[in-house]
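Notes follow once the structure below has been shown.
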Amino acid sequence: MFYREAGQFKTSYEKDAAIFPIRQDRIGIAIILVAAFVVVPFVATPYVFSAILIPFLILALAAIGLNILTGYCGQLSLGTAAFMAVGAFAAYNFMLRVPHMPVLLAFVGGGVMAALVGIVFGLPSLRIRGFYLAVATLAAQFFILWCLSKVGWFSNYSSSGVITAQRVEILGYAFTTPASKYLLVLSIVAVMALAAKNLARSNTGRAWMAVRDMDVAAEVIGIRLMPTKLLAFAISSFYAGVAGALYAYLYLGTVEPEAYNLDLSFRILFMIIIGGVGTILGSFLGSAFIALLPILLSLLVSFLENTVHLSVSRSITSNLELMVFGGLIIFFLIVEPHGLARLWQIGKEKLRLWPFPY
Amino acid sequence: MKAMKSALLGLTMLGVAATAVAQSEQFIPILSYRVGPYAAGGSGYFGGAIDYFNLINATGGINGVKIAYEECETEYNASRGVECYERLKKVKGGATTVEPLSTGIAYGLLDRVGTDKIPMTTFGYGSANAADGRVFPWVYPIGTSYWSQAAAMISYLGQQAGGMDKLKGKKVVDLYHDSAFGKEPLPVFDALAAKYGFELIKIPVAHPGNTQESQWLQIRQARPDYVILWGWGVMNPTALKAAAKVGFPRDKVLGVWWAGSEEDVIPAGDAAKGYVTAAFSAPGTNFPVMQDISKKLYASGKGNLEDSSRQGSIYHTRGVTYGIIIVEAIRKAQEKYGKGKVMTPEQVRWGLENLNLTEARIKELGAGGMFPPIKTSCVDHEGSGMVRFQQWDGKGFKPLTPFMSGDKEMVRKMVDESAAKYAAEKKITARDCSKES
C-alpha cells in the first residue's frame, strides 16, 4: 500500500538510470541520512559513538571493499585486514614524514598505497581462481603483517612495532570528541558507499559482474580480464586501506600490526557472506550482524546479571554468548543463504503487493 | 498489563536502589577473558583479582569503602576490549582504574584513558616507555616492564656463568614470539650484548608457534649456552618439547614470565622438568593472604575460580597481587584525600603514583615474599623492576633466586629516550615532576 511504484513514470533516460528509481526508496534513504547525520549526534551517548557506531561504520567500509572484489568481481580474498594495515601504516608515515600533511589526504594516500599493494597481490588472480586465489591472498595477509613488524621504518623504529595515530585535525578543527569522530567517519563512509554503489552500476561494475559470472564468456564479449580484475583489486584495497586508516586514527588510536590479523580478515569475509554477497546494503547489514550482535548479547547478559542477579558463573555466560551467536549465524544462513540483503529484497517484493497479494 | 507495569516499576526501582548503593562503593571494571585461546590465563588472573576484592569486602572494605566490580568479556580482542571499557567507564559512579591484561587492548585504551582521566595499569606487559610518568601520566606499568625483565634475565645468566664478565664470548639465543610482545625486549638485549660481549642470536617464531622444528635445528647447530624463551601460549610447551627432542638441557632454557605458568609447562609433560622462568610474583598457597582467601571464600563456595585446585597457581597469585596493589593505591589515596571516602579516578591515580609498599607493609598484608617492594613516583611508574627466577620440577615452581633486578640505569635511560621520542611524535609536553605534590 505504501510501497507502490504505480504512477511513478520514468520519462527520461536519466530517470531510468537513477540510483534509487522508486520514490519511497529516495525518501527512505533521505530519512536514514538525516537520522544518521542530524538526529544521532544529539541523542547518542559517547559509549554508543565510540564503542558501537564508529567500529560498525569502519568495518562496513572494509566490507564494501571486500564486496567489490568478492561480491562483484568474484575474486575470493582473505587479505582484507592486511590491506587495512597497509592503509593505516601508510597514512601514519605520510603524516609523520610529510610536513603539513592534511589528514584527509593522508587517508587517501593510505588508500592509494593499499591499492598498489593490492594490485601486486592481485596479479596471481590472472592465473588462478577460487580457493587457490584465496590461498594466494592468505599469503598477502601473512607477508604484509610480517613485513610491517619486520621493517622498523614502517613504525618509525618503535621498539614494539606499534604506531600511534597523530591528532586528526581538519582546517584547524581537532576531532577529539566521540561525536565529531563519528561525524567524520560517517561522512567518509557515506561518500565512499555512494561511490561504490555508482561504481557497481557503471560500465566497470558490469564488467566485474560479467567476469564474476563467467570469465571466458566475459572475454568473448570483449572485456579484457587483466585490467578488469586488477582494477577490482585496486579499488577493493583502496576501500580497505581507507577503512584501515580510519580504524587506527578514529577508533583505536594506537595499533600494533597484530590488530589487523587473519581473524579480522575472516570477520570481514563473514560480514559479506551473512550480509549479502554483491550488495552494498549487505555490507552494512553484515557489519551490524558480526560486529554488533556479540555486543548486544553481552549487554543482555550483564543486564540480566544486574537485574535478576543471575548466580551463574561468568565463564558459563561468556561461553553461552558465543554459542548463541554461532547458533544465530547458522539460523540466518539456513533461512536465507543469500544473506540479509536478500531478505530485505524479499521483504520489498512482499511490500509491493501488500495488502492485496493478487 | 498491570503485572507488567508493576514488574517494570520494580525493575526501575531496583535500578535506582543499585545506583544509590553503588555511590558508597569504589567501582573497578574487570575486562576479563574467559573464552578463547587465552581463557586459562584470563580466568586465573581475573579470578585472583576478584577473590582479593571479595576478601577485602568480607573484611570491612578499604577503611569501610567496599569495592564494586563488574565483569565484561573481551575475548582478548582489541575492539571488544574497547567496547567493554567504554561500557563500564560510566557505570556505578564511574570506573576508577582499569587493567586489560592484553597488549592490544591496552594500546586501544592508551589515548582514551588520558582523555577520560582514568588510570590504567599494565601489569607486566605493554610498552616499557610508559614507565616514564612525565609523558604517560595515566599509564602505570607497575612492577616490571619487559625491558627490566630482559635486563634481569641477562643478570641471572651472568650469575649462572659466575659473574657478568664471564658472559663474554657466550652464545645466547633469543627464541621469540614474532609480534610486538616478542620484539619489545630486543633493544635491551642488543644493548646488553654489546655491553657484556656475548653473542645474541635472534630466532623468531611465527604465531602461534606450534611447529618449531626448523628453529630448534638452528639452535642445535648454533650450540648456544642459553636459550631465552620469549613465548606466549602454545608456543611454550612446543618449545620445551622440541628442546627435549634435540637434547638441549631444559635448565639452560630461560622463559619470560608469560611462559612461566602451570598452563605453559604441564602440556609439555616431563620435557618441562628443570625449565627456568622469570616471575614477578611468587606462586603458592602458604602466604597468609592466600590462606585467608581459601578459608573465607573457597571454604564457603564464594571463590571465583571454577576449579578451586587452581588456588595459588601462577595466574591466580598474579591476580591477587594485582588486587593488593590496586587496593593499596586506593588506601594511599584515602590517606591524602580522606579516609573512608570513595576516591575519584584522579585521586586513585595519585595513589598509584605515590605507592610505597615496603617489605614490612607487604608482610603486614600477609603477602611477604609474594612480590617485591614497590615505590612509584611521578617520574617512575614502574616502581620496582625486580623479578625472581623459578624452576619447574614437574610438580610446582621452586624459587631459585630472590627478587633481583638487572642494569636498571641502562633500562631507565632507554625508557627516557623512547618516551621522549613518543612525546615528540605525539607533540606532548612532558609534565614537570618537581611541581607535582
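The values are calculated or read from the model by the stated rules, or taken from the named source; none is laboratory data. Worth saying up front: this structure is predicted, and the values here are computed from it rather than measured. FYI the Cβ positions are ideal-geometry reconstructions off the backbone, even for glycines, and counts take in every protein chain you see. To get the accessible areas, we keep the full protein, side chains included, count just its heavy atoms, and leave off ligands, DNA and RNA. Shrake-Rupley method; radii C 1.70, N 1.55, O 1.52, S 1.80 Å.
Quick notes
- Residue list for region B:189-207, filter: farther than 11 Å from B:Val172 by Cα and crowded, with 18+ Cβ neighbours inside 10 Å: B:Ala191, B:Leu192, B:Tyr196, B:Pro204, B:Val205, B:His207
- Subset of region A:156-174 (residues that are touching a helix residue (DSSP H, G or I) at 6+ places or on another chain (Cβ under 7 Å), within 9 Å of another protein chain (Cβ to nearest Cβ) and either under 18 Å from A:Gly87 (Cβ atoms) or open to solvent by 10 Å² or more (accessible area, probe 1.4 Å) (or both)): A:Asn156, A:Ser159, A:Gly161, A:Val162, A:Thr164, A:Ala165, A:Gln166
- Residues in region B:81-96 include none that are free of Cβ contacts under 8 Å to residues at least 12 places away in the same chain and more than 12 Å from chain A (Cβ to nearest Cβ).
- When residues of region B:158-187 are limited to those that are farther than 21 Å from B:Ile219 by Cβ and among the aliphatic types (A, V, I, L, M), the one nearest to the other protein chains (Cβ to nearest Cβ): B:Ala180
- As a summary of the residue check, B:Ala244 satisfies the conditions (1) open to solvent by 20 Å² or more (accessible area, probe 1.4 Å); (2) within 14 Å of chain A (Cβ to nearest Cβ) except for the one numbered (2).
- Evaluation of B:Met414 against (1) within 14 Å of another protein chain (Cβ to nearest Cβ); (2) within 18 Å of the chain's Cα centre (by Cα) (one fails), failing number: (2)
- Scan of region A:145-155 for residues that are facing chain B (nearest Cβ under 9 Å) and open to solvent by 60 Å² or more (accessible area, probe 1.4 Å), ordered by number: A:Trp146, A:Lys150
- Against the list (1) assigned to a helix (DSSP H, G or I); (2) open to solvent by less than 20 Å² (accessible area, probe 1.4 Å), the condition B:Asp251 fails is (2).
- Test set (1) polar (S, T, N, Q); (2) farther than 23 Å from B:Tyr45 by Cβ; (3) within 14 Å of another protein chain (Cβ to nearest Cβ) - B:Ser308 fails condition number: (2)
- Restricting the search to helices (runs of 4 or more DSSP H) fully inside region A:40-145 and requiring at least 1 residues that are without any contact (Cβ under 8 Å) to a residue 60 or more places away in the chain gives A:40-43, A:80-97, A:103-122.
- All positions within region B:208-235 that are more than 15 Å from B:Val173 (Cβ to Cβ) and among the polar types (S, T, N, Q): B:Asn210, B:Thr211
- Any hit, region A:55-69, residues being of a type outside the set (A, V, I, L, M, F, W, C) and within 14 Å of chain B (Cβ to nearest Cβ): yes
- Residues satisfying the stated conditions in region B:81-120, i.e. assigned to a helix (DSSP H, G or I) and β-branched (Val, Ile, Thr): B:Val82, B:Val91, B:Thr103, B:Ile105, B:Val113, B:Thr115
- Yes/no for A:Ala140 being more than 24 Å from A:Leu104 (Cβ to Cβ) and buried (at least 16 other Cβ atoms within 10 Å of the Cβ): yes
- Count - residues of region A:333-351 that are part of a helix (DSSP H, G or I) and surrounded by fewer than 15 Cβ atoms within 10 Å (Cβ to Cβ): 9
- Flag for A:Gly111 being out of contact with any His (no Cβ under 9 Å at 6 or more places or on another chain), buried (at least 22 other Cβ atoms within 10 Å of the Cβ) and at pLDDT below 95: no
- Any hit, region B:198-221, residues being among the aromatic types (Phe, Trp, Tyr), away from chain A (no Cβ under 14 Å) and not in a helix (DSSP H, G or I): yes
- Residue within region A:296-308 that is assigned to a helix (DSSP H, G or I) and more than 12 Å from every other protein chain (Cβ to nearest Cβ) present: yes
- Residues in region A:1-41 that are surrounded by fewer than 11 Cβ atoms within 10 Å (Cβ to Cβ) and in contact with a helix residue (DSSP H, G or I) (Cβ under 9 Å, 6 or more places away or on another chain): A:Met1, A:Phe2, A:Phe9, A:Ala17.
- B:Lys66 falls short of the stated requirement of being among the charged types (D, E, K, R) and within 14 Å of chain A (Cβ to nearest Cβ).
Conditions tested, residue by residue: (1) modelled with pLDDT of 85 or more; (2) under 20 Å from B:Cys84 (Cβ atoms).
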site	(1), (2)
A:Leu292	yes, yes
A:Ile295	yes, yes
A:Leu304	no, yes
A:Ser311	no, no
A:Gly326	yes, no
A:Ile329	yes, no
A:Ala341	yes, no
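- Residue match in region B:140-149 (condition: under 17 Å from the mean Cα position of the chain (by Cα), β-branched (Val, Ile, Thr) and open to solvent by less than 20 Å² (accessible area, probe 1.4 Å)): yes
- Some residue of region B:363-372 being open to solvent by 30 Å² or more (accessible area, probe 1.4 Å), on the phi < 0 side of the Ramachandran plot, part of a helix (DSSP H, G or I) and at pLDDT below 90: no
- Any hit, region A:72-94, residues being more than 16 Å from A:Asn261 (Cα to Cα) and within 13 Å of chain B (Cβ to nearest Cβ): yes
- Search result, residues across region B:298-319 that are of a type in the set (Gly, Ala, Ser), outside any helix (DSSP H, G or I) and open to solvent by 60 Å² or more (accessible area, probe 1.4 Å): B:Gly301
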